[in-house]
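Computed from the coordinates by the stated procedures, all read-outs in this text should not be read as laboratory data. Keep in mind that what you see is a predicted model, and the values were worked out from it rather than measured. Glycine also receives a Cβ, built like all others from the backbone with ideal geometry; neighbour counts cover every protein chain displayed.
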Amino acid sequence: MSDYTVLLPLDGDKVSEDALLVLPMLRSIGFAKLRIICVDDPKTDKTPTAEGFKPYVEAQVAAATAAGWQVESIIATGDPATTILAAAGNSDVDLILLATHGRTGIKRMRLGSVSDKLIKNALCPRLVVGPNVDIDMTTYSLKRILVPLGGSDLSAMSLPIARHLAGLTGASVDLLQSVTPPVSTAEIPSDYPALLHAAGEHLARVATEFPGVDVRTYVVGTAPGGAILEHLNANPVDLVIMASRGRTGLSRAARGGVTEKVLQGPDPVLVFEIGEDRSRLFDAARSA
C-alpha cells in the first residue's frame, strides 16, 4: 500500500462533504494520508469562524481516522482559494479532491467561484465531483473509466493513469475519439470516411496498450464537448480522465470549452495539466 496524500477542502456545507464519499475509492488505489483544510473567510459571514470550525473538523478527523486514514487538519483564516492553493502546492500533496455536487436549480449548474479557481490553478491533479454528477456516490468505486482522445500527445497523457487505475481496480476503459467535419463546408468532405476509419484504427492500437483490461472504443462525428457528454449520458462511467494544456488552456476551458462542459457533466472528472501533474500516483502510473 502506498501513502499518497489527498488534500480535502471542506467548508461545513453538505455539498463539499460529498467528497467524503470518494475516500474509500482513493484508499483502494493507494491513498493513505488525508489532509483536511477549512478556511474562515473574514469577508463573508456564510462560513463558520476559525474557532467555529474546530468541532466540525474534529468530527471529520475522528470519522476518517476510524476508517483507517492518517489524518491531518488545517484551520485557517483568509481568502479560501488562495489559502487552499498554497496548501495544494506542498510537495507531498498528490491530489486535491473537490466536490461542488448536490445543488439544485440554477446554482446546480455552476462550479462556484472558489472551486473554479482551484480547478484552474492548483499545481497537482484535481478530482472534481461536479455540480451535476448524478451517479450514486454512496457506493462510489471505479468500474468504468472514460478517456477522451484527440490523436494528440496531450490527450495521450491520460493513458498511463487510466491504465494504472484500471489495473488497480479492475475497471473497464472506454476510449472515445471525436472526428468533427469542418463546419465551413456545406458537404461532408470526401476524405471524411477515411478520417473516421483512421481514428478507429488509432483507438484499436491504443487499446492494445491495456493488456488484461476490458477496453471499448468509440469514434464519433460530433464536436468533442458534445460527444463526451452524449457518451456519458448513454454509457454511464465512474470517472473521466482529461489532460489540459496548462493553466492558460484550462482557463480558456473554464470559460466554456471542452473541459468546462465535461466538468458540468454527470460523472466525476480527474483533470491535470501539462507539467503540473506532480503526483506520486501519476509517477507510479508513468513508470509502470
* To do: With a point put 7 Å past each Cα toward its Cβ, work out how far residue 213 is from residue 17 in nm, to one decimal.
  => 3.5 nm
* Asked: Based on DSSP H runs of at least 4 residues, each adding -39500 (n - 2.57), what is the mean residue ellipticity at 222 nm of the chain after dividing by all its residues, to the nearest 500 deg cm²/dmol?
  -> -10500 deg cm²/dmol
* To do: Calculate, in nm to one decimal, what residue 86 and residue 223 gain on full extension: separation in residues at 0.36 nm each, minus their alpha carbon distance.
  => 45.7 nm
* Using the beta-carbon distance between residue 198 and residue 54 and R0 = 41 Å, what value does 1/(1 + (r/R0)^6) give for FRET efficiency, to the nearest 0.05? -> 0.10
* Structure fact -> Straight-line reach check, residue 120, cutoff 19 Å on alpha carbons, 8 or more apart in-chain or any other chain, hits among aspartates and glutamates -> 79, 94, 260, 267, 273, 276, 277
* Can you sort 197, 202 by how many other beta carbons sit within 10 Å, fewest first? -> 197, 202
* Structure fact -> Under the 7 Å Cα-to-Cβ spin-label approximation, residue 143 and residue 3 lie apart by a distance in nanometres of 3.4 nm
* **Max mean-square fluctuation residue, GNM over the chain, Cα-Cα springs under 10 Å, options 268, 193, 48** => 193
* Could the peptides 229-241, 87-99 be put in order, highest first, of the mean number of other beta-carbon atoms found within 10 Å of their residues? -> 87-99, 229-241
